[in-house]
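The values are calculated or read from the model by the stated rules, or taken from the named source; none is laboratory data. It should be emphasised that the depicted structure is a prediction, and the values quoted were computed from it without experimental measurement. Methodologically, a virtual Cβ is constructed for each residue, glycine included, from the backbone with ideal geometry; neighbour enumeration extends over all protein chains shown. With ligands, DNA and RNA removed, areas are computed over all heavy atoms of the protein, side chains included. Shrake-Rupley method; radii C 1.70, N 1.55, O 1.52, S 1.80 Å.
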Amino acid sequence: MTVTWEELRWERLADGVGRCRLPGWDCTAGLVLGAGGALMVDAGSSLAEGARLHEAARRLAGHRVTHLALTHPHFDHVFGAAAFEGAEAYGAYGATGTGALFAPGGQGREALRADAVAEGLDARAAREAADALVPVRQDVRGEQRLDLGGGRQVLLADVGPGHTSHDLAVLVPGSPAVVFCGDLVEESGEPQAGPDAVPSGWPAALDRLLDLGGDDALYVPGHGAVVDAAFVRAQRDALAVRFGVSR
């Protein structure tokens, strides 16, 4: 039996599109529903959190999650991925299971585990999640469309580099259109630029987000409240100043 977004304390954004703000790091997890498929956008910060997300998605969709889009390879967005068994996982080009980031035993997994523990995730939970990371076998180069059934089309776009070298955005066309931005956009604090950020490319990545969604879209940040195009433009301009990028 399906339930409503409100019953699960999720935020409904458009018809068949919603998101929740997860506790701890205030990460966004998004869900897009089609007649025969369901796309989860990001997977939470642990296996337990991923399992809770998957159960909520099942109740909202009436079936399992069939597709999983990981906006970028940081622990708070990917460590729940193994809970989505059977889902086809997508990432921006380079963040794949054949590369170092998610490869079994690879340095990328160890770096994610260490970062998670440093940020306060329980050490055992971090180890379990790192060991269980699913291969991201679907490289998105440029743009790729997904058909979730019943006329529901979703566009995955490799819009980075910026927050990381591998930033994936998700556009859900409609009235309004919805753009899941990952951590290219943050509302609840200043955008975080870690050692894997590409500051010189970040403002241009936000230009690509704006090209995707246009003036009237809802832009869903990786952390914080939903924003509009004016907010994204202002954050783009602030990042250009912060990083000394000529416009």
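Here are a few things to note about the model shown:
- Taking the Cα centre of the range 118-247 as reference, the dipole from Cβ charges on Lys and Arg (+1) and Asp and Glu (-1) amounts to some 220 debye.
- Shape category assigned to the range 153-221 from the gyration tensor of Cα positions, a/c cut at 1.5: prolate
- Rolling a 1.4 Å probe over the protein heavy atoms of the chain, with every protein chain left in place, gives an accessible area that is 48 percent carbon and sulfur.
- Only Lys, Arg, Asp and Glu carry charge here, each on its Cβ (+1 for the first two, -1 for the last two); on that basis the chain has a dipole of about 360 debye about its Cα centre.
- Rolling a 1.4 Å probe over the protein heavy atoms gives the range 107-247 an accessible area of 45 Å² per residue.
- Where GluC sites (Glu not before Pro) in DSSP loops with at most 14 other Cβ within 10 Å are excluded, longest remaining stretch of the chain: 120-247
- Taking every alpha-carbon pair within the range 98-247, the share separated by more than 22 Å comes to 47 percent.
- Projecting the Cα atoms of G194, L148, V17 onto the dipole axis of the chain, where Lys and Arg carry +1 and Asp and Glu carry -1 at the beta carbon, places L148 farthest toward the positive end.
- A dipole drawn for the chain from +1 and -1 charges on Cβ atoms has a positive end, and of Y93, Y219, A238 the residue lying farthest that way is Y93.
- Accessible solvent surface per residue of the range 46-93, calculated while the other protein chains remain in place, 1.4 angstrom probe, Å²: 33
- Cβ-defined net charge surrounding Q153, 11 Å radius [Lys, Arg +1; Asp, Glu -1]: +1
- Restricting the range 136-196 to trypsin sites (Lys or Arg not before Pro) that sit in a DSSP loop and have at most 11 other Cβ atoms within 10 Å of their own Cβ leaves R141.
- This model, with +1 at the C-beta of Lys and Arg and -1 at the C-beta of Asp and Glu, gives the range 207-247 a dipole about its Cα centre of some 260 debye.
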